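Everything on this sheet refers to the single structure shown next.
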Amino acid sequence: MLKNHLKVALRNIRKQRGYSFINITGLTIGMTCFILILLWVQDELSFDKFHENANQLYRVITEQHHSGHVTRTSETQFPLAAALKNDFPEISNSARLLTKWGNKFIKYKSNSFNEDKVFFADPSFLEMFSFPFQKGDPETALLEPHSIVVTQETAYKYFKNEDPIGKILQIDYFNKLTDFKVTGIMKNIPSNSHLQFDFLLPFHLFDYSDVADPWSTVDNYQTYVLLNKYASLKEINQKIADYKSKHVPGSHDKYYLQPLTRIHLYSDVKFDSPTNSDIRYVYFFTIISIFILLIACINFMNLSTARSANRAKEVGLRKVIGAQRIQLIRQFFGESLLYSFVAFVCAIIFVIAILPLFNNLSGKTLSIAGYRSAYIFLFLLGVAIMTGGISGSYPAFFLSSFTPVSVLTGSLSSMMRRTKSNFFRKPLVIIQFSISIILIIGTLIVSSQLRFLQNKNLGFNKDNLIYIPVRGDLAQNYKSLKRELLSNPNIKGVTAANILPKHGNESLLDEWEGNTDDDKIVVNITSVDYDYFKTLNMKIVQGRNFSKAFPADLSEAVIVNEEAVRQMGMVFPIGKRLWGKRIIGVVKDYHYKSLHEPIEPIVLSLTNKWLYFIFIKINPHSLDLAGIIESIKDVYEKFVSEYPFEFHFLDTDIDNFYYKEKQIHKTFTYFTFLGIFIACLGLFGLASFTAEQRTKEIGIRKVLGASVSSIVLLLTKEFTKWVLISNLIAWPFAYYAMNKWLQNFAYHINISVWLFIISAGLALVIAFLTVSFQAVKSAMINPVRTLKYE
C-alpha cells in the first residue's frame with residue numbers, strides 16, 4: 001500500500017511539474033533561511049557558556065550616581081578584586097583584567113607586528129576561566145613579572161614551527177622595547193567568548209604599592225569574581241552595593257554583579273567588549289526566520305488547497321472502485337509529507353553549500369556539525385512534517401468525505417471553486433504579503449538610519465584625516481616631525497593628542513567656579529597639541545583657541561564643550577575656574593563617541609608630553625594619495641627607524657562604530673529579498689491556477705470583443721486588493737517594531753510616512769508584475785483553443 005501511495009505521489013509531481021517546482025522551491029528556501037538564522041541564534045546564545053564555572057562567574061559593574069545622573073560602567077578600581085575576596089566569604093576567587101592597553105608593537109627576530117589584542121590579567125584569571133592550554137601550566141604561566149601567554153595562532157604567526165616556550169618577545173612597553181618570556185600557549189580563543197585576546201601579560205606589572213590611596217587610582221580595570229556554588233546573587237549584590245563608600249568616603253557609586261553568560265547579549269554599560277551584541281537582535285532575527293518559514297508554508301498550503309478541487313474527480317473514481325476514506329486520507333497526507341521531506345533534504349544541502357557565504361556575511365564561524373545542530377535538524381524535520389500535515393489536511397479530510405455521485409457530476413467541484421478554497425486562500429495570501437511588507441519597511445528604515453549615521457555632521461571633519469600612533473622617541477621629536485610634514489604642500493595640518501576623538505577618558509569633576517551644591521559630573525579629558533581644533537575643523541563658539549602667544553595656556557588653560565557648560569550650569573563660562581585652571585574657550589559640541597550615545601561633557605587641555613596619536617590632514621583635492629602616504633612614511637622613518645610605519649584613516653574607524661548595524665542591514669536585506677521571492681512564487685502559482693480555472697471564460701470574453709488589457713485587469717484586480725489590505729495590516733506592526741529598534745540610538749531618523757508609501761508601492765509593483773505575467777500569457781491565447789478547454 002505504501003509503495004502504491006508513493007508511486008501515485010511521484011506521478012502527480014511529474015504531472016504537475018510547475019506547481020511541484022513552486023512548492024518545493026518555496027519550502028526549500030524557507031527552511032534554508034530558517035536553519036541559517038537558527039544556527040546564528042544558537043551561537044549568540046552560547047557565549048561564554050563553555051567555561052566550567054560559567055554559572056558561578058560574574059563581572060563587577062559600577063553604577064555611578066552624580067547629580068541625578070546614573071551611568072553604568074564595566075571599569076572598577078585597582079584594589080577592588082582583592083578587597084572583595086578578602087571581605088566576602090561568598091566570593092571564592094577574583095581577578096583583574098586590563099583590556100584596553102592600545103595597539104602595541106611586538107617583535108621576534110625579523111617578525112614584527114602591531115597588535116591590538118593585548119590583555120593584562122592576574123594569575124587567578126587562568127584559574128577561574130577555562131581557556132585551555134596547549135603548552136605550559138596555567139597555574140604558573142603569569143607568575144613571573146615579564147612572562148607572556150600567547151594563543152596557538154599567534155604562536156605560529158611569530159615562531160612558525162619553533163617551540164615558543166621560553167622564547168623572548170620584545171614589546172613596546174611604555175615606548176621602550178621590553179623583553180617578555182613565553183610561558184604558555186593557549187588554544188585559540190573560542191569565537192563565542194566575549195573576551196578576545198592574542199596575548200596575556202601579568203597584571204602585577206602595574207604596581208601601585210607606593211600609592212598612598214590606591215582606591216584613588218584610575219579605574220580602568222575590569223574585575224571578575226567566582227562565587228561559591230551555593231551563594232545567592234541577590235544577597236551578595238545587596239552586600240556589595242555600598243562597598244565603595246567604605247573605601248571612598250562620600251561616594252554614591254554602587255556595585256553589582258553581572259552574570260558572565262549575560263554579558264554578550266544583556267550589557268548596557270560603558271567600555272564594554274566590542275564583540276558584544278544585543279538580545280533584541282536575537283529576537284529580531286528569530287521573528288524574521290519564523291516569518292520567512294511561515295511565508296513558505298502559506299505558499300504550500302495555498303497551492304495544495306487550490307489544486308485539491310481539481311482532484312475531486314479522482315476521489316470519486318477511487319471511491320467507485322472501492323477505495324476507503326482512510327486510504328484517501330493516507331494518500332493525500334503522504335503526498336504533502338513527500339513534498340515537505342524533499343524540501344527538507346534540499347534545504348540541508350543548500351545550507352552546507354552557502355554556509356561559508358553566510359559566515360562571511362554575519363562575521364561568524366558557524367558550523368552545521370555538532371549536537372546542537374542535530375537538535376535544530378530534528379526540530380526542522382518536525383516543522384516539515386507539521387507543514388506537510390497541515391497542508392494535506394484539507395484535501396485529506398474534506399475531499400475524502402464526498403460521495404461519488406456529487407463528485408462525478410461536477411457540481412461539487414464548481415461549488416468548491418466559488419466558496420471554500422477561495423475563502424481559505426484569501427487570508428493566507430494577505431498574511432503572506434503583510435509579512436513581506438513588514439520586511440520591506442524594516443529594510444528601508446535600517447538603510448535610512450545607516451545613511452543618517454554615516455552622513456551626520458559630527459562637529460568635526462573626519463574626512464581626509466589619518467593618524468599614526470606615537471612609538472619610541474617620536475614624542476620627543478614631534479615638533480621636528482611636524483615641521484617636515486607641513487613642508488609638504490599636500491599636507492594641510494598636523495596636530496596630536498593623547499587619545500582619539502572617537503574615544504573618551506573619563507574622570508569625575510567636582511571643582512568648578514560656581515559649584516555651590518557640591519555637584520559632580522563625569523567629564524572626558526583630552527590633552528591636545530596646538531592646531532588640534534583647526535586641523536579637525538572644530539568650531540570655537542565662545543572665547544579663543546589655545547595659542548603660543550599665551551605661554552600660560554600650557555599649564556593654566558582649558559577649553560570645554562557646550563555640554564560641559566550646560567551641566568556645570570554656567571551662563572558666562574569664559575574666565576571661570578575649573579580644577580584650578582581657567583576656561584579660555586568653548587568648543588561646539590562634537591560626537592567623539594558613536595551616535596548610540598548622547599554627547600557628554602569634555603575638558604581639553606594643552607600638553608607637550610602626553611601625545612600618543614599624531615593627526616595629519618591631507619589635501620582633499622590631491623590625486624596621489626599613495627604618494628602622500630609614502631612621503632609621510634619617509635619622514636616617520638627618519639625619526640623612528642626601529643618601529644614599522646602604521647597609519648589609519650579616522651573616518652574608517654568611525655564607520656566601524658556601526659559594523660554591527662551594517663551586518664544587520666545586509667543580512668536583513670538578503671532575507672527580505674528571499675521572503676518576497678517566496679511570496680511571489682506562491683502568487684505566481686495562484687495566478688496560474690486562477691487563469692487555468694477561468695480559461696473558458698477568457699475565451700468567451702475575447703470572442704465578445706474584450707481587449708488583452710481588460711482581461712489582464714480582470715485577473716489582477718483581486719490580487720491587488722489583497723496586497724492593499726496587507727499594507728493596512730503591516731504598517732502598524734512595522735512602525736512599532738522599527739521605532740523600538742531606533743531607540744538604540746541617541747540620534748536617529750524620524751520614521752517618515754513616505755517609507756510606508758514606498759513600501760506599499762514596491763509591494764504592489766512586485767505583485768502586479770508577478771500576476772500580470774501569467775495574466776498576459778492567458779489573455780494572448782487564441783479563443784479557439786480556450787473554448788475547447790475541458
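The values are calculated or read from the model by the stated rules, or taken from the named source; none is laboratory data. As the structure is a prediction and not an experimental result, all values here were calculated from the model. Here the Cβ is made from the backbone with ideal geometry for all residues, glycine too, and neighbour counts use every protein chain on show.
Take the residues in region 601-612 that are of a type outside the set (Ser, Thr, Tyr) and crowded, with 20+ Cβ neighbours inside 10 Å, then tell me which one is farthest from residue 508 (Cα to Cα). For region 601-612, the residue satisfying everything is 606. Exactly one residue out of 515, 545, 561, 537 is more than 30 Å from residue 464 (Cβ to Cβ), touching a residue at least 40 places away in the same chain (Cβ under 8 Å) and not hydrophobic (A, V, I, L, M, F, W, C), and it is 515.
Table: residues versus (1) crowded, with 16+ Cβ neighbours inside 10 Å; (2) of a type in the set (Phe, Trp, Tyr); (3) under 25 Å from residue 43 (Cα atoms).
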residue: 132; (1), (2), (3): no, no, yes
residue: 139; (1), (2), (3): no, no, no
residue: 195; (1), (2), (3): yes, no, yes
residue: 198; (1), (2), (3): yes, no, yes
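Results for (1) of a type in the set (D, E, K, R); (2) touching a Ser or Thr at 6+ places or on another chain (Cβ under 7 Å); (3) modelled with pLDDT of 90 or more, shown as yes or no for each residue.
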position: 504; (1), (2), (3): no, no, no
position: 520; (1), (2), (3): yes, yes, no
position: 527; (1), (2), (3): no, yes, yes
position: 535; (1), (2), (3): no, yes, yes
position: 539; (1), (2), (3): yes, no, yes
position: 553; (1), (2), (3): yes, yes, yes
position: 571; (1), (2), (3): no, no, no
position: 575; (1), (2), (3): no, no, yes
position: 579; (1), (2), (3): no, no, no
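Residues in region 399-452 that are over 24 Å from residue 764 (Cβ atoms) and either loosely packed, with under 14 Cβ neighbours inside 10 Å or modelled with pLDDT under 85 (or both): 24 in all.
Scanning region 505-524 for residues that are of a type outside the set (Asp, Glu) and not in a strand (DSSP E or B) yields 505, 514, 515, 516, 520.
A residue that is closer than 21 Å to residue 613 by Cα and over 40 Å from the mean Cα position of the chain (by Cα) cannot be found anywhere in region 493-507. Inspection of region 223-242 identifies no residue that is within 17 Å of residue 61 (Cβ to Cβ), at pLDDT below 85 and small (Gly, Ala, Ser). Out of the residues in region 57-89 that are over 30 Å from the mean Cα position of the chain (by Cα) and assigned to a loop (DSSP other than H, G, I, E, B), state the one that is surrounded by the fewest Cβ atoms within 10 Å (Cβ to Cβ). Filtering first and then ranking leaves 68. Each residue in region 138-182 was checked for being aromatic (Phe, Trp, Tyr) and not in a loop (DSSP other than H, G, I, E, B), and 4 of them qualify. Which condition breaks for residue 527 when tested against (1) assigned to a strand (DSSP E or B); (2) closer than 15 Å to residue 590 by Cα? Only one criterion in (1) assigned to a strand (DSSP E or B); (2) closer than 15 Å to residue 590 by Cα is unmet by residue 527, namely (2).
Pairing each residue of region 120-134 that is in the same structural domain as residue 145 (by TED's automatic domain parsing) and within 19 Å of residue 100 (Cα to Cα) with any residue that is among the polar types (S, T, N, Q) and part of a loop (DSSP other than H, G, I, E, B), provided the two are 6+ apart or on different chains, yields C-beta distances under 9 Å for 120/99; 123/140. Here the condition is being exposed (fewer than 14 other Cβ atoms within 10 Å of the Cβ) and not in a helix (DSSP H, G or I); of 548, 479, 502, 492, it holds for 548 alone. Of all residues assigned to region 685-693, none qualifies as being aromatic (Phe, Trp, Tyr), assigned by TED's automatic domain parsing to the domain that holds residue 767, under 48 Å from the mean Cα position of the chain (by Cα) and modelled with pLDDT of 70 or more. For region 668-679, a residue qualifies if it is surrounded by fewer than 21 Cβ atoms within 10 Å (Cβ to Cβ) and not aromatic (Phe, Trp, Tyr), and the qualifying residues are 669, 674.
In this structure, does residue 524 turn out to be surrounded by fewer than 18 Cβ atoms within 10 Å (Cβ to Cβ) and either under 26 Å from residue 656 (Cα atoms) or of a type in the set (S, T, N, Q) (or both)? So residue 524 fails the test. Of all residues in region 90-107, exactly one satisfies the criterion of being surrounded by 19 or more Cβ atoms within 10 Å (Cβ to Cβ), among the hydroxyl-bearing types (Ser, Thr, Tyr) and in a strand (DSSP E or B), namely 94.
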